[in-house]
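K.L.:
Sharing a structure, written as structure tokens. Questions coming.
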2 protein chains.
Amino acid sequence: MTVPAAPASEPGELPLDVILSQTVGTEFQSQLAELVPLLVRDLADIDRRMHEVLGATYPRLTDAATYACSAGGKRVRPVLMAALHRALGATDTRPVHSLAAAFQLIHTATLVHDDVIDHAEMRRGRPSLPQAFGLPLAIVAGDYLFVRAFELASEYPRSIIMRCGEACADLVEGEVLQESGRFDLTTGREHYYRVIERKTAAIVAAALGSVAEIQGAPVTVQDAAAAYGRSLGIAFQIRDDLLDVYGDSDVLGKPLYGDFREGNPTLVGLETYEGLDGNRRAEFERLFGLRRKQPGDLLRLRALVDAAGAPERVAAVARQWAERAIRSLEGLPPTPYRLLLEEMARGAAERRF
Amino acid sequence: MTVPAAPASEPGELPLDVILSQTVGTEFQSQLAELVPLLVRDLADIDRRMHEVLGATYPRLTDAATYACSAGGKRVRPVLMAALHRALGATDTRPVHSLAAAFQLIHTATLVHDDVIDHAEMRRGRPSLPQAFGLPLAIVAGDYLFVRAFELASEYPRSIIMRCGEACADLVEGEVLQESGRFDLTTGREHYYRVIERKTAAIVAAALGSVAEIQGAPVTVQDAAAAYGRSLGIAFQIRDDLLDVYGDSDVLGKPLYGDFREGNPTLVGLETYEGLDGNRRAEFERLFGLRRKQPGDLLRLRALVDAAGAPERVAAVARQWAERAIRSLEGLPPTPYRLLLEEMARGAAERRF
């Protein structure tokens, strides 16, 4: 299985229509065309709110924080938050801008600390923050982003701050859990889902549950929004694992095989491990367990993933989570924004970057 | 100048009377004896509140966070907060326990990340967290402590959360500023004070300003409390710089000469640099600038500090800041707790650990 390359685009700043063309089925784009200008404005407002709070009196800290926050990225969380807010009847998304900026800062802070921990050299097509600014500044800039995020969150009632805080605690736990399972394929699916629920899904769930609460939606709708976010997050992460082996590194903005190198037992690795027989299974396990892998090892790992037929099965699992996300939206009014949310769930499981 | 060794005590868990015997003049202890039981209880309650929030579903994260928080330490901030609260008329300090726990967690989080950045092997007489749990877990455990701190802070009105957030931003900035001036004695006093105001004083000021606000004190009293905290923090840090050269490493729980090794231009270094003439000044600057210093280099640096007569001058500056802190308390009612606060300021400038 190969994932076709995305149309030419800069991995840095991505206009929303490029994002939507990747995360939303193309045949659906024209119907969504009228929503785009509003969401583009929402996204610009959220970006502005985020950058407003980055100013430190020491310019190099501002520079580092701004560098981390201006790498573009897919901005899935803020788009989802604005779209859900509108799907629940909001005509003005300003009440969620600070919160969306906060979640984006938290996400960015964890990426920065992940890059420190993983010794990542590249992120979104540019040198990672530790690479560009050095390890000490990367650690404190991550802390700084957390702090500014919590200041933004403090504009909201305690229940929202706590959703935010618990999502952060989950993120941190996910990182620790992931760390504990490196280079070990016997950890199994339960461990895998525990990691990605915390590392990826919890923050999307918290962001969307918070939007529903801020909009005054009933608790059942708050829970449905959170469940949608959780399932979409899982679909997104499973797709991410697949792209790490089969994506286009130019489009992704980072080299392939990061999970093999770091020894992360993703669903791709687990499906392969379980799908192979005796000798090849042992070979896969041995190569996967190597702390330092040569290029030939990485290519052999990929060949074994192919041989196990894992990519198709993993892609199907991602789609199942997307469908589960969509089912969580059944109680929402049938607006174009709900359709957009549904398409974004499908897009999370189908995207190429 | 040598600092006499403290009475035998474990550097880990320190009973409050040992703390007070170090931070408070001994001749004054008997007068304060009646306050101790109450403050001991306050401190135990604050400790309990702090440990209550450390539980993660992944036990190793709880272990790391608990390890970082149970190293004892002087607990200057929580004692100051409880004492100020009582000095302002509170008979029950429960309203500030969560906040005191939050500030203690923030302080601990920054120590953990400092130890990562500085490659510190020891902290308070035990292996540092990165040494004991590894670098990745130390980074995420620091993040986790920040997150739990903000969850605790979210029990308070936004103005308090913002005091807390701004103090964190200052802390981070202080770390970055310090990083920018390493191995450079020409940065001067202005840089030094900018660093320690942010790294040490801002959080004490925010903690005490917050206590006054929570107790409903007028803004002038809130400002006075913050000013007291700031001056005490500066006195404390200047004394810390001196103890790094002249303290007892067994009592401090870490090796001496950390600032020389890390190239921090503290007031001890600056006073020496300015107090020496031509050749010896050049020698001091050259040795200070070495990225890797041998034991002989460190002893020669100390000999030059002696030769410049710096210790006495630095000790005097710390005492001046303590006096300034005491003057900030002039508007407070003359209770035994105010006397305790005054003595703690003096103690910050005189302590031996």
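The values are calculated or read from the model by the stated rules, or taken from the named source; none is laboratory data. Keep in mind that what you see is a predicted model, and the values were worked out from it rather than measured. Virtual Cβ from ideal backbone geometry, glycine too; neighbours counted across all protein chains shown.
K.L.:
Just to be sure, is B:LEU287 over 26 Å from B:LEU99 (Cα atoms) and within 17 Å of the chain's Cα centre (by Cα)? I'd like the intermediate steps shown before the answer.
P.N.:
Details: over 26 Å from B:LEU99 (Cα atoms): yes; within 17 Å of the chain's Cα centre (by Cα): no.
Answer is no for this residue.
K.L.:
Also, quick follow-up: Can you find, within the range B:67-113, the residue that is surrounded by the fewest Cβ atoms within 10 Å (Cβ to Cβ) among those that are of a type in the set (Val, Ile, Thr) and away from chain A (no Cβ under 14 Å)?
P.N.:
Filtering the range B:67-113 for residues of a type in the set (Val, Ile, Thr) gives B:76, B:79, B:91, B:93, B:96, B:106, B:108, B:110, B:112.
From what's left, away from chain A (no Cβ under 14 Å): B:76, B:79, B:91, B:93, B:96.
Values: B:VAL76: 21, B:VAL79: 23, B:THR91: 7, B:THR93: 24, B:VAL96: 27.
Result: B:THR91.
K.L.:
For the range A:121-148, give me each residue that is more than 9 Å from chain B (Cβ to nearest Cβ), out of contact with any strand residue (DSSP E or B) (no Cβ under 7 Å at 6 or more places or on another chain) and of a type in the set (Gly, Ala, Ser).
P.N.:
Across the range A:121-148, the qualifying residues are A:GLY125, A:ALA132, A:ALA138.
K.L.:
Looking at (1) within 25 Å of A:GLY165 (Cα to Cα); (2) more than 7 Å from chain A (Cβ to nearest Cβ), which is the only condition B:VAL195 fails?
P.N.:
(1)
K.L.:
In the range A:122-175, how many residues are under 21 Å from the mean Cα position of the chain (by Cα), over 18 Å from A:ALA71 (Cβ atoms) and among the aromatic types (Phe, Trp, Tyr)?
P.N.:
1
K.L.:
Kindly establish whether A:ARG313 is under 25 Å from the mean Cα position of the chain (by Cα), modelled with pLDDT under 95 and basic (Lys, Arg).
P.N.:
Taking the combined requirement at face value, the residue does not satisfy it.
K.L.:
Let me ask you something else. With the structure loaded, tell me whether B:THR57 is within 14 Å of chain A (Cβ to nearest Cβ) and either on the phi > 0 side of the Ramachandran plot or part of a helix (DSSP H, G or I) (or both) or whether it fails that test.
P.N.:
Considered against the rule, which asks whether it is within 14 Å of chain A (Cβ to nearest Cβ) and either on the phi > 0 side of the Ramachandran plot or part of a helix (DSSP H, G or I) (or both), B:THR57 comes out as no.
K.L.:
Here's something else I'd like to know. Select from the range B:46-57 the residues that are over 9 Å from B:ALA100 (Cβ atoms) and at pLDDT 90 or above and list them in ascending order.
P.N.:
B:ASP47, B:ARG48, B:HIS51, B:GLU52, B:VAL53, B:LEU54 - these are the residues of the range B:46-57 that are over 9 Å from B:ALA100 (Cβ atoms) and at pLDDT 90 or above.
K.L.:
Quickly run through the range A:115-124 and pick out the residues that are touching a helix residue (DSSP H, G or I) at 6+ places or on another chain (Cβ under 7 Å) and either β-branched (Val, Ile, Thr) or not in a loop (DSSP other than H, G, I, E, B) (or both).
P.N.:
Passing the criteria: A:ASP115, A:VAL116, A:ILE117, A:ARG123.
K.L.:
While we're here: Can you pull out every residue in the range B:127-174 that is among the β-branched types (Val, Ile, Thr) and either in contact with a Leu (Cβ under 9 Å, 6 or more places away or on another chain) or surrounded by fewer than 24 Cβ atoms within 10 Å (Cβ to Cβ) (or both)?
P.N.:
Going residue by residue through the range B:127-174, those that are among the β-branched types (Val, Ile, Thr) are B:139-140, B:147, B:160-161, B:172.
Passing the criteria: B:VAL140, B:VAL147, B:ILE160, B:VAL172.
K.L.:
So for the range A:258-271 (the condition being at pLDDT below 95 and exposed (fewer than 15 other Cβ atoms within 10 Å of the Cβ)), does at least one residue qualify?
P.N.:
Within the range A:258-271 (the criterion being at pLDDT below 95 and exposed (fewer than 15 other Cβ atoms within 10 Å of the Cβ)), the answer is no, since none of the residues qualifies.
K.L.:
Mind telling me which of the residues A:LEU208, A:LEU252, A:LEU232 ends up being more than 11 Å from chain B (Cβ to nearest Cβ), farther than 29 Å from B:TYR156 by Cα and at pLDDT 95 or above?
P.N.:
From the options A:LEU208, A:LEU252, A:LEU232, the qualifying one is A:LEU232.
K.L.:
From the list A:THR108, A:THR62, which one is modelled with pLDDT of 90 or more, out of contact with any helix residue (DSSP H, G or I) (no Cβ under 8 Å at 6 or more places or on another chain) and within 28 Å of B:SER180 (Cα to Cα)?
P.N.:
A:THR62
K.L.:
In the range B:160-178, which residues are charged (D, E, K, R) and within 7 Å of chain A (Cβ to nearest Cβ)?
P.N.:
B:GLU173, B:GLU175
K.L.:
Same structure, new question: I'm trying to understand the selection: among the residues of the range B:300-335, which are closer than 21 Å to B:ARG281 by Cα, among the basic types (Lys, Arg) and free of Cβ contacts under 8 Å to residues at least 24 places away in the same chain?
P.N.:
Matches in the range B:300-335: B:ARG300 only.
The rows are residues; the columns are (1) within 14 Å of the chain's Cα centre (by Cα); (2) closer than 14 Å to B:LEU341 by Cβ; (3) not hydrophobic (A, V, I, L, M, F, W, C).
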position	(1), (2), (3)
B:VAL211	no, yes, no
B:VAL221	no, yes, no
B:ALA225	no, yes, no
B:LEU232	yes, yes, no
B:GLN237	yes, no, yes
B:TYR246	no, no, yes
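K.L.:
Here's a follow-up. State all residues of the range B:149-159 that are more than 8 Å from every other protein chain (Cβ to nearest Cβ), of a type outside the set (Gly, Ala, Ser) and within 21 Å of A:ILE106 (Cβ to Cβ); if no residue qualifies, say none.
P.N.:
Selection gives B:LEU152, B:TYR156.
K.L.:
Name the residue, out of A:ALA282, A:ALA322, that is at pLDDT 95 or above, part of a helix (DSSP H, G or I) and closer than 30 Å to A:GLY89 by Cα.
P.N.:
A:ALA322
K.L.:
Within the range A:290-319, track down each residue that is assigned to a loop (DSSP other than H, G, I, E, B) and either exposed (fewer than 13 other Cβ atoms within 10 Å of the Cβ) or not basic (Lys, Arg) (or both).
P.N.:
Those that are assigned to a loop (DSSP other than H, G, I, E, B) and either exposed (fewer than 13 other Cβ atoms within 10 Å of the Cβ) or not basic (Lys, Arg) (or both): A:LEU290, A:ARG291, A:ARG292, A:GLN294, A:ALA308, A:GLY309.
K.L.:
Looking at B:ARG86, B:ARG77 in this structure, which one is in contact (Cβ under 8 Å) with a residue 60 or more places away in the chain, part of a helix (DSSP H, G or I) and in contact with a His (Cβ under 8 Å, 6 or more places away or on another chain)?
P.N.:
Selected residue: B:ARG77, the only one of B:ARG86, B:ARG77 that is in contact (Cβ under 8 Å) with a residue 60 or more places away in the chain, part of a helix (DSSP H, G or I) and in contact with a His (Cβ under 8 Å, 6 or more places away or on another chain).
K.L.:
Would you please list the contacts, defined by Cβ atoms under 7 Å and residues six or more apart or on different chains, that run from a residue in the range B:38-49 that is under 11 Å from B:ASP92 (Cβ atoms) to a residue that is at pLDDT 90 or above?
P.N.:
Filtered contacts from the range B:38-49: B:ASP42/B:ALA82; B:ASP42/B:THR93; B:ASP45/B:HIS97.
K.L.:
Let me ask another. With the range B:173-253 as the region, which helices (runs of 4 or more DSSP H) entirely inside it contain at least 3 residues that are free of Cβ contacts under 8 Å to residues at least 60 places away in the same chain and closer than 20 Å to B:VAL96 by Cβ?
P.N.:
B:202-214, B:219-246
K.L.:
Can I ask one more? Condition test on B:ASP184, is it of a type in the set (D, E, K, R), out of contact with any strand residue (DSSP E or B) (no Cβ under 8 Å at 6 or more places or on another chain) and farther than 20 Å from B:MET81 by Cβ?
P.N.:
Taking the combined requirement at face value, the residue satisfies it.
K.L.:
Further question on the same structure: Can you find, within the range B:153-164, the residue that is farthest from A:ARG158 (Cα to Cα) among those that are small (Gly, Ala, Ser) and touching a residue at least 24 places away in the same chain (Cβ under 8 Å)?
P.N.:
B:SER159
K.L.:
Still on this structure, please answer the following. Evaluate the following for A:ALA167: is it in contact (Cβ under 8 Å) with a residue 24 or more places away in the chain and either in a helix (DSSP H, G or I) or farther than 27 Å from B:ARG148 by Cα (or both)?
P.N.:
Yes; evaluated as a whole, the condition is true for this residue.
K.L.:
Of the residues B:PHE133, B:PHE150, B:PHE103, which is more than 29 Å from B:LEU290 (Cα to Cα), in contact with a Phe, Trp or Tyr (Cβ under 6 Å, 6 or more places away or on another chain) and in contact (Cβ under 8 Å) with a residue 24 or more places away in the chain?
P.N.:
Working: B:PHE133 fails: in contact with a Phe, Trp or Tyr (Cβ under 6 Å, 6 or more places away or on another chain); B:PHE103 fails: in contact with a Phe, Trp or Tyr (Cβ under 6 Å, 6 or more places away or on another chain).
So the residue among B:PHE133, B:PHE150, B:PHE103 that is more than 29 Å from B:LEU290 (Cα to Cα), in contact with a Phe, Trp or Tyr (Cβ under 6 Å, 6 or more places away or on another chain) and in contact (Cβ under 8 Å) with a residue 24 or more places away in the chain is B:PHE150.
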